[in-house]
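Notes to accompany the following structure.
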Amino acid sequence: MNARTGPALRSRLCPAGPPRPDGRISAAPAGTTGQRSSRAPGLPADTAARPPLVRELALVVSLFLVYKLGRQLAEGRTDQAFRNARDVWHLERDLHLPDEADLQHLLLHGDTLVHLANTYYAAVHFPATVLFLGWLYLKRPRHYLWSRRVLTAVTGGALVLHLLVPLAPPRMLGLTGLVDTARLYGPSVYAADPSASSVENQFAAMPSLHFAWALMVAIGLIAATASRLRWLWLLHPLLTLFVIIATANHYWLDTLVATALLVAALALLRVPSATAYRGGGLVVRRHLPGPRTRPPAGPGRSARTGDAGSASTAGAARTAGVRR
């Protein structure tokens with residue numbers, strides 16, 4: 001490092017670390033220039049953002065109880081549910097939306113394909129959402145809080161619509177020409193009698209929480225990861241869309257209303273600020289300060305600068321002497 005390299009530049013290139021026992025200042029570890037970790041000493045990355053697990057489990061149980069209460073409040077409205085179903089079916093025809101029967105015909109080409117679709121509808125929806133939230137809770141606590149709030153808002157809005165607009169699914173409506181694939185091919189998660197006491201509300205077709213949750217899982221994973229392949233998570237809501245329509249569990253309008261609810265929740269609840277996860281730690285990137293402006297030439301300049309100027313003058317004088 002030559003004489004022109006001042007202490008300010010050296011401090012930026014080799015930032016000082018903690019003082020040593022002998023009073024000297026040790027250099028900071030390599031690779032830490034321009035980055036400041038938000039990790040607290042001795043704690044895992046981003047631990048402060050992770051809520052207590054007991055509180056989160058209590059919240060999930062509370063939401064389950066609220067949904068069950070909503071299911072009980074929706075009982076005894078069978079006639080209204082079928083009237084709304086006929087209105088939705090005719091409205092879709094007036095809006096020239098695709099016919100659900102065309103999608104179901106693609107599914108009915110083989111018993112195995114229908115069975116797989118019914119299994120996907122019954123077994124993937126809830127476990128996939130739980131695994132999604134569990135992974136975020138452990139690896140991306142800030143994104144977990146955001147995703148949990150969005151899902152809670154969407155589910156709450158859906159419950160209100162379930163109570164206001166009870167709707168029989170297309171598999172129950174004879175004029176659609178659709179068949180109940182779960183009952184014919186299995187497996188089915190619904191009781192044969194829609195009015196039977198159950199946690200599942202068969203008259204809660206609008207909006208489709210199957211599609212809303214699947215779409216949020218994909219959006220949440222895309223927002224929380226940085227892989228180039230993260231966009232493949234959109235296959236989950238696309239496959240879910242095909243399954244819920246082809247199995248005659250939902251109308252197209254159910255998915256459109258679910259999407260509108262999710263968009264509203266995402267607009268109100270902001271995604272966590274941009275951060276970089278590196279090596280399991282949360283690192284916040286900061287810009288280095290710009291170089292300091294040199295003071296004007298004069299008697300007030302530092303001695304180090306003067307020494308450098310004197311050395312340059314002496315060297316020039318020696319060179320001139322040699323030439324003589």
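Annotations for the structure displayed:
- Residue in the stretch 193-210 that is modelled with the highest pLDDT, counting only those that are out of contact with any Leu (no Cβ under 8 Å at 6 or more places or on another chain) and under 14 Å from Ala168 (Cα atoms): Ser208
- Residue in the stretch 66-86 that is in a helix (DSSP H, G or I), modelled with pLDDT of 80 or more, of a type in the set (Lys, Arg) and exposed (fewer than 10 other Cβ atoms within 10 Å of the Cβ) present: no
- Filtered residues of the stretch 139-159 (kept if surrounded by fewer than 18 Cβ atoms within 10 Å (Cβ to Cβ) and over 16 Å from His210 (Cα atoms)): Lys139, Arg149
- Taking the conditions (1) within 15 Å of the chain's Cα centre (by Cα); (2) assigned to a loop (DSSP other than H, G, I, E, B); (3) modelled with pLDDT under 60 in turn, Tyr277 satisfies each one other than (2).
- Residue tally, condition of a type in the set (Val, Ile, Thr) and surrounded by 12 or more Cβ atoms within 10 Å (Cβ to Cβ), over the stretch 88-112: 1
- Some residue of the stretch 217-232 being in contact (Cβ under 8 Å) with a residue 12 or more places away in the chain, open to solvent by 50 Å² or more (accessible area, probe 1.4 Å) and in a loop (DSSP other than H, G, I, E, B): yes
The values are calculated or read from the model by the stated rules, or taken from the named source; none is laboratory data. This structure is a prediction, so every number in the text was calculated from the model and none was measured. Ideal geometry is used to build each Cβ from the backbone, glycine not excepted, and the neighbour counts take in all protein chains shown. All accessible areas refer to the heavy atoms of the entire protein, side chains included, with ligands and DNA or RNA removed. Shrake-Rupley method; radii C 1.70, N 1.55, O 1.52, S 1.80 Å.
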